[in-house]
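These notes concern the structure reproduced below.
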Amino acid sequence: MSRSAEPEAMDFIAAFNDPQAAAHYAEGPRRFVPGYEALHRMTAILLAEGSPANARVLVLGAGGGLELRALAEAHPTWSFVGIDPAREMLKEAERVLGPLMDRVTLVEGYIDDAPSGPFDAAACLLTLHFLEPAERAATVRAIHQRLKQGAPFVAAHGSFPQGEDERPRWLDRYESYAVASGSDRVQAHKARTAVGAHLPTLSPEQDANILSAGGFSDVALFFAAFTWRGWVARA
């Protein structure tokens with residue numbers, strides 16, 4: 001994500017800057033993303049493939065700190081740079097990370113504000129679906145530019161079939177899963193409506209093509225759970 005993000009994406013960022021929303025952020029992914037904790041564990045495994053013991057890792061969309069905590073706990077000798085545009089989410093990340101903050105640098109901003117690296121690995125979880133295709137492609141290219149050759153990259157976000165008949169069916173499943181996981185029915189429906197109206201979701205094929213066009217090779221799908229997909233690739 002860069003500073004030229006579309007207005008709809010900026011609206012979502014503004015919502016994350018609400019202190020109360022940031023404080024309760026952790027409740028959302030666990031109810032809306034099947035296998036959320038498992039996604040973090042898989043990301044830690046995939047980023048370790050080919051990374052040195054003292055890897056320096058870039059995490060885009062790091063607000064809240066949940067994936068940073070999981071990665072830091074899985075790899076005690078790694079260090080991290082976490083980027084996020086929402087100040088309140090970064091404050092929440094500091095709270096969540098606690099003593100692990102001694103290996104983490106948090107940066108308020110976008111991919112353009114990230115250090116040039118080169119980094120040994122990178123991850124971008126539950127973030128790219130906020131971006132229009134052109135902005136998403138630019139962000140992927142900017143991540144690639146900050147990685148060492150051959151470095152692993154993991155991306156996971158909302159991505160599902162976009163056909164005229166398929167899209168509403170998958171959005172209904174997104175809502176139903178949240179309700180089955182304990183979300184309030186009214187809030188789950190509001191989330192489904194917001195995602196359907198404002199998120200520029202792409203098909204898995206389109207998302208994989210963006211990774212390839214951004215310079216990544218060996219793009220492989222490793223995670224698929226209802227409306228969510230995850231890929232691992234090499235810079």
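When restricted to residues that are in a helix (DSSP H, G or I) and within 16 Å of the chain's Cα centre (by Cα), segment 65-91 contains 8. For segment 189-199, check the following and say yes or no: at least one residue is more than 18 Å from His40 (Cα to Cα), outside any loop (DSSP other than H, G, I, E, B), without any contact (Cβ under 8 Å) to a residue 24 or more places away in the chain and charged (D, E, K, R). Yes. Among residues of segment 115-137 being over 20 Å from His198 (Cβ atoms) and among the aliphatic types (A, V, I, L, M), the one that is surrounded by the fewest Cβ atoms within 10 Å (Cβ to Cβ) is Ala122. Using the structure shown, decide if Ala62 is among the small types (Gly, Ala, Ser), surrounded by 22 or more Cβ atoms within 10 Å (Cβ to Cβ) and either touching a residue at least 40 places away in the same chain (Cβ under 8 Å) or part of a strand (DSSP E or B) (or both). Taking the combined requirement at face value, the residue satisfies it. Looking across segment 65-89, the residues that are surrounded by fewer than 22 Cβ atoms within 10 Å (Cβ to Cβ) and over 20 Å from Glu37 (Cβ atoms) come down to Thr77, Ser79, Val81, Arg87, Glu88.
From (1) modelled with pLDDT under 95; (2) in a helix (DSSP H, G or I); (3) surrounded by fewer than 21 Cβ atoms within 10 Å (Cβ to Cβ), pick out the condition that doesn't hold for Ser4. For Ser4, the exception is condition (2).
Just a yes or no: is a residue in segment 83-95 within 27 Å of Asp218 (Cβ to Cβ) and either at pLDDT 95 or above or touching a Pro at 6+ places or on another chain (Cβ under 6 Å) (or both)? Yes, there is a match, as at least one residue in segment 83-95 is within 27 Å of Asp218 (Cβ to Cβ) and either at pLDDT 95 or above or touching a Pro at 6+ places or on another chain (Cβ under 6 Å) (or both). Selection over segment 210-221 of residues that are open to solvent by 50 Å² or more (accessible area, probe 1.4 Å) and closer than 17 Å to Gly158 by Cα gives a count of 1.
Does any residue of segment 147-162 turn out to be small (Gly, Ala, Ser), outside any helix (DSSP H, G or I), modelled with pLDDT under 95 and surrounded by fewer than 21 Cβ atoms within 10 Å (Cβ to Cβ)? Within segment 147-162, not a single residue is small (Gly, Ala, Ser), outside any helix (DSSP H, G or I), modelled with pLDDT under 95 and surrounded by fewer than 21 Cβ atoms within 10 Å (Cβ to Cβ). Scanning segment 224-235 for residues being open to solvent by 20 Å² or more (accessible area, probe 1.4 Å), under 18 Å from Leu171 (Cα atoms) and in contact with a strand residue (DSSP E or B) (Cβ under 7 Å, 6 or more places away or on another chain) gives a total of 2.
Comparison of Asp112, Asp207, Asp172 shows that the only residue that is out of contact with any His (no Cβ under 6 Å at 6 or more places or on another chain), buried (at least 17 other Cβ atoms within 10 Å of the Cβ), of a type in the set (Asp, Glu) and part of a helix (DSSP H, G or I) is Asp207.
The values are calculated or read from the model by the stated rules, or taken from the named source; none is laboratory data. Here the structure is a predicted model, which means the values were calculated and not measured. As a convention, Cβ positions derive from the backbone with ideal geometry for all residues, glycine included, and neighbour counts pool all protein chains shown. Ligands, DNA and RNA are excluded from the accessible area calculation, which covers all protein heavy atoms including side chains. Shrake-Rupley method; radii C 1.70, N 1.55, O 1.52, S 1.80 Å.
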